[in-house]
1. Net charge near Gln45: determine it from the other residues with C-beta under 14 Å of the C-beta of Gln45, scoring Lys and Arg +1 and Asp and Glu -1.
2. Scan around Leu10 for amide H atoms under 5 Å from its own, H built in the peptide plane at 1.01 Å from N, and keep only partners 5 or more places away or cross-chain.
3. With label points built 7 Å along Cα→Cβ from the Cα atoms of Leu117 and Glu99, find their separation and express it in nm.
4. Suppose the chain between Lys18 and Leu41 were pulled fully straight at 0.36 nm per residue; how much longer would it get relative to their current alpha carbon spacing?
5. Full extension from Glu84 to Lys30: what is 0.36 nm times the residue separation minus their Cα-Cα distance, to one decimal in nm?
6. Once the piece of chain linking His106 and Arg54 is laid out straight, how much longer is it, given 0.36 nm per residue of separation minus the C-alpha distance between them?
7. With charges only on Cβ, +1 for K and R and -1 for D and E, what is the dipole size of the chain about its Cα centre, in debye, rounded to 20?
8. Could you list the square roots of 5 times each eigenvalue of the Cα gyration tensor of the chain, that is, the equivalent ellipsoid semi-axes, sorted largest first and rounded to whole Å?
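Just so you know, all these numbers are worked out from the coordinates, no wet-lab data involved. This one's a predicted model, so the numbers in the text were calculated from it and none came from an experiment. Virtual Cβ from ideal backbone geometry, glycine too; neighbours counted across all protein chains shown.
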Amino acid sequence: MSSVIVMQLLDKDGYPTKKTLKKISKWNVKKDPKGLIDLLLDVWQWGEKMLIVRKGFSTGLFRKAIMKIEMHTGGWSGNESIIEALKKHEYGLFLFYLEKEIRGGHYYFEIPIKEWLCKVKM
């Protein structure tokens with residue numbers, strides 16, 4: 001994303017704006033999970049070092065291709081406010097894709113590859 005657009009998503013101190021947090025909290029994750037993660041990568045402090053996206057396979061008898069998302073807040077309040085915005089959405093990322101949460105700001109999600117690749121038009 002261009003630096004001009006990213007600047008509009010963050011305030012002068014590098015924190016997500018209220019408008020950005022509202023956009024995150026209202027995102028239709030079933031419609032476009034990849035779009036949400038792309039947005040998070042633009043506003044997440046320490047970017048791809050603390051928000052990791054990689055291909056993998058689910059565990060269990062019927063292994064399916066998935067996208068594994070790891071989010072680590074690093075204790076930074078801006079990242080923690082993003083997590084709070086994600087948790088506000090009652091039908092969002094946490095409901096559908098959370099695999100585990102570990103105390104200290106560590107979150108792990110698994111999104112089926114079919115959903116990741118398919119942007120649904122509504």
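1. -4
2. Long-range HN contacts for Leu10: Thr17.
3. For Leu117 paired with Glu99, the spin-label model returns 1.9 nm.
4. Going from the current span to full extension adds 6.6 nm.
5. On the way: separation 54, 0.36 × 54 = 19.44 nm, distance 1.87 nm.
Net length gain for the segment: 17.6 nm.
6. Values: separation 52, 0.36 × 52 = 18.72 nm, distance 1.60 nm.
Full-extension gain reported as 17.1 nm.
7. My answer is approximately 460 debye.
8. Values: eigenvalues 113, 54, 35 Å².
In descending order the semi-axes read 24, 16, 13 Å.
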